[in-house]
Amino acid sequence: MARTVHRFDIGPAGKDITLPHDATVIAVDHGPIPGLIDVWVLLDTNAPTQARRFTYTGTGHPVPEDAHHIASTPRHGDTGLVWHLFEIRQG
C-alpha cells in the first residue's frame, strides 16, 4: 500500500478524476485561480481506479441530482463565498 495525498483542481463545469474507489477527500479550499477550487485526496496509488465525477455549487444554487456532499470551502476572505463540493454518483 502506497498512501499519498494528491491535489486536484475542479472548475464550475465539474471534473472526472481517476481515483481508487476508497480514495477520501481530506480537504477543499479556494484555488489560486478564480473559479477553481482545490481538492486534496488521500489515496492508495496501488489500488484499482475508476472515474469519479466531482462538481461544486455555491450557497443558494441548485444541487445536481444524485449528488453526495463531500465538503465545503471556508468562507473566502475577499468575497465571503463558500463553495460546496459534491460527488455525482455513477450508476
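Each value in this text was obtained by applying a stated rule to the coordinates, not by laboratory testing. The structure presented is a predicted model; accordingly, all values stated were derived computationally and were not measured. Note that each Cβ is placed from the backbone with ideal geometry, even for glycine, and that neighbours are counted across all protein chains shown.
Here's how it looks for residue 31: its modeled amide H is under 5 Å from those of 36, 37, 38, which are all 5 or more places away or on a different chain. Once every Cα of the chain carries one equal point scatterer and solvent is ignored, give the base-10 log of I(q)/I(0) from the Debye formula at q = 0.16, 0.25 Å⁻¹, two decimals. After summing over all Cα pairs, the log10 values are -0.63, -1.35.
Once the chain from residue 49 to residue 79 is taken as fully extended at 0.36 nm per residue, the excess over their C-alpha distance is 7.2 nm. Within the range 1-77, the trypsin sites (Lys or Arg not before Pro) that combine a DSSP coil assignment with at most 16 other C-beta atoms in a 10 angstrom radius are 75. Residues whose amide H comes within less than 5 Å of that of residue 71, counting only those at least five positions distant or on another chain, are 85 (H built at 1.01 Å from N in the peptide plane). What are the ³J(HN,Hα) couplings of the range 64-70, residue after residue, when phi is run through the Karplus curve with 6.51, -1.76, 1.60 and θ = phi - 60°? Round to Hz, x for glycine and proline. Result, rounded to whole Hz: x, 4, 6, 8, 10, 5, 9.
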